[in-house]
Structure formats: structure tokens, C-alpha cells
Amino acid sequence: MGHKARKRFGQNFLQDQGVIQRIIRSISPRPEDALVEIGPGLGALTEELLSAAGHLDAIELDRDLVPILRTKFFRYGDHFRIHEADAMKFDYTSLCHGSQRLRIVGNLPYNISTQLIFHLLSHHRHVADMHFMLQKEVVERLAAAPGEKHYGRLGIMAQYYCRVDNLFLVPPEAFDPVPKVDSAIVRLTPYETLPYEAQDVERLQQVVRIAFNQRRKTLRNNLKELISAEDLEALNINPGERPERLTLQEFIRISDFLTHLEQPAEKE
Ligand code: SAM
């Protein structure tokens, strides 16, 4: 392959043509799409995305891969733009033209995947959808419903902004080098209008983070710095409940109550 996979960049290159085709079918790229690929690697997905859409922006951190990709996709001229950059720091709005929203794709480096998803969620208004290959457990966390084992901060915040579809599993043998973990493909589709909106999303993030500080403890315990058991009851939320049983709407109720408390009382 002429390039030695680098562990520090989370490099596991997709080899299995069946899996590649299945991912492409799920994405169903069209010429009118503004496609962005994070971490193209040696171009396994890029090749298929480009042949379907005819153009693509790619963000790759490993500078040794950039010339390989440029050579491989030379025939696309300006329609293939490669940005040698860190996807965590990249300005995605620079790729938006007019009101067009981005379709983001990536077989992500697993060591940064949750951080990167939080970062991209903050750009949700500029994104039409995102298809990611992730560690199976991360997809389970993204898609988990209240009461499920993997339900927590990542899933709640992803589901605040997006519809989440857990699409299919990918076995370790689909990659070279073979990773130690199972993988899965997820689709995140940001809502144009949020179904439930918190008055202050930073407050919501804080409530969720603190509520899950200790999963096995009750809300009364975890949230005691923020809200009293009486106030939780007044919001129709059982203070003896564990955080993993609370719905997004209930977290928003707590968050809005706290936001409201902060606002200075209106003068008569
Ligand atoms: N898309 C290729 C494939 O499916 O074969 C490669 C996937 S590999 C798991 C992850 C890719 O992300 C690598 O090419 C790696 O160099 C790149 N990468 C790692 N960290 C990155 C970052 N912070 N920003 C952009 N790309 C990154």
C-alpha cells in the first residue's frame, strides 16, 4: 500500500468492498450535495464518493497522505479539494456556499470521535447529515433511549440536535490493520427545527453532565448543588430516580427551571 498505518492518527483503512458499497448506498451521494469527508486516509470511501458526486472536500491531518490523495484523484482537478488540517479545529462554515448544508462523512479516528461529534453538533445548522463509522459502543451510546445501558450525555446531546439511526455493524476484518473493536455505521440528521428546545443549551449540557457524574447515584445526589429535591418534585421529576431513566424533555425541564431562576426579576 506504500503507506504505513499510523496508530496515533487512528489509522485503520477500509478494505472490504462489500462494506464500502453498503456505506455508499446508505449515504446515496448526489452531484448537488456538498460532501465533506473527514480523514480520507488512502481514499477507500473518497473514490466512491467522488465517482457518485463528482466533487468533494476532504480534511486530512496526516500530511504524508495528502500527496498520495492528490495524485490518486488528480483527474478531478478543482472538484477534489484536500485540506491538510485537524478536523477538530476546522472551520466548516468556510465550506458552506449560500444556504447549502454539508453532508459530512467519515471513518473517524476512534480516539477523537466523541469530541469531534460534540464539535460538529455545535455546527448543526450548517449540516444536512453525517454518516460515521465509529466504535460499536459509541454508536450504541449515540442511539440509546432512556433506561438503556448506554444512555448518557453523548446520546442525549446528539438526540437533542439530530435524528440518530444506528445503521449496521462492521466487523474488524473489514479493515487493515485489523482493529481490536467492532465498528458500526451511524447516521445523524440534524433537525431543521428542534423538536424540544432548551432556553439555554449550555445550561442543559451542564445539567446533563452533572446528572451523570455518578450513574449509579440518584438525581437528588448528583444534582444537589444545582436543584433541591423539592424543586425536582415540583417539576414532576422523582428525585430518587437514576439519571439514566430521565428523558430529554425532563432534562430540559430542569435546565429551563434553572435558567428561569437566573433571570433578574422584572421590575414593576
Ligand atoms: N477513510 C479512510 C478509510 O476508511 O480507509 C481512513 C480511515 S482512518 C480510521 C482515520 C483517518 O483520519 C486517517 O486517515 C487519519 O490520518 C485521519 N485523521 C486522524 N486524526 C484526524 C484529525 N484530527 N483530523 C483529520 N483527519 C484525521
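The table for this structure:
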{"quantity": "Pairs beyond 31 Å (Cα-Cα), from K7/K224; K7/K217; K4/K149; K4/K89; K180/K224", "calculated": "K7/K224; K7/K217; K4/K149; K180/K224"}
{"quantity": "Radius 15 Å from Cβ of D78, net charge of other residues (Lys, Arg +1; Asp, Glu -1)", "calculated": "+2"}
{"quantity": "Structure-based [θ]222 nm, the chain - -39500 (n - 2.57) summed over DSSP H runs of at least 4, per residue, nearest 500", "calculated": "-9500 deg cm²/dmol"}
{"quantity": "Extension gain (nm, one decimal) between F13 and T247, 0.36 nm per residue minus Cα-Cα", "calculated": "80.5 nm"}
{"quantity": "Linear extension gain, E192 paired with D91, 0.36 nm per residue minus alpha-carbon span", "calculated": "34.3 nm"}
{"quantity": "Computed over region 201-262: relative contact order in percent, which uses C-alpha pairs under 8 Å that are six or more apart", "calculated": "41 percent"}
{"quantity": "Separation of alpha-carbon centers, region 131-179 and region 198-255, rounded to whole Å", "calculated": "24 Å"}
{"quantity": "Residues listed by number, region 170-211, amide nitrogen under 17 Å from R6 label point at 7 Å toward C-beta", "calculated": "177"}
{"quantity": "GluC sites (Glu not before Pro) restricted to DSSP loop in region 21-85 with at most 16 other C-beta within 10 Å", "calculated": "E32"}
{"quantity": "R0 of 41 Å, Cβ-Cβ distance L169-E262: FRET efficiency to nearest 0.05", "calculated": "0.40"}
{"quantity": "Where GluC sites (Glu not before Pro) fall in DSSP loop in region 217-267, at most 15 other Cβ within 10 Å", "calculated": "E225, E241, E266"}
{"quantity": "Estimated inter-spin distance, N238 and E202, nm [label 7 Å along Cα→Cβ]", "calculated": "3.5 nm"}
{"quantity": "Loop GluC sites (Glu not before Pro), region 91-177 (other Cβ atoms within 10 Å of the site Cβ: 15 or fewer; DSSP)", "calculated": "E148"}
{"quantity": "Solvent exposure of region 7-190 as accessible area per residue, Å², 1.4 Å probe", "calculated": "44 Å²"}
{"quantity": "Cut-off 12 Å between beta-carbons: net charge of the residues surrounding D200, Lys and Arg +1, Asp and Glu -1", "calculated": "-3"}
{"quantity": "Radius 12 Å from Cβ of L35, net charge of other residues (Lys, Arg +1; Asp, Glu -1)", "calculated": "-2"}
{"quantity": "Carbon plus sulfur fraction of accessible area for region 111-191, probe 1.4 Å, in percent", "calculated": "48 percent"}
{"quantity": "Paramagnetic label zone (point 7 Å from Cα along Cα-to-C-beta, Q100; backbone N under 13 Å) in region 1-34", "calculated": "30-34"}
{"quantity": "Kirkwood-based Rg to Rh ratio, region 7-190, C-alpha trace", "calculated": "0.94"}
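The values are calculated or read from the model by the stated rules, or taken from the named source; none is laboratory data. Computed from a prediction, not measured in an experiment: that's the story for all the values here. For neighbour counting, all protein chains shown are included, and Cβ atoms are generated from backbone atoms with ideal geometry for every residue, glycine included. Areas reflect the complete protein model, heavy atoms only, side chains present, ligands, DNA and RNA absent. Shrake-Rupley method; radii C 1.70, N 1.55, O 1.52, S 1.80 Å.
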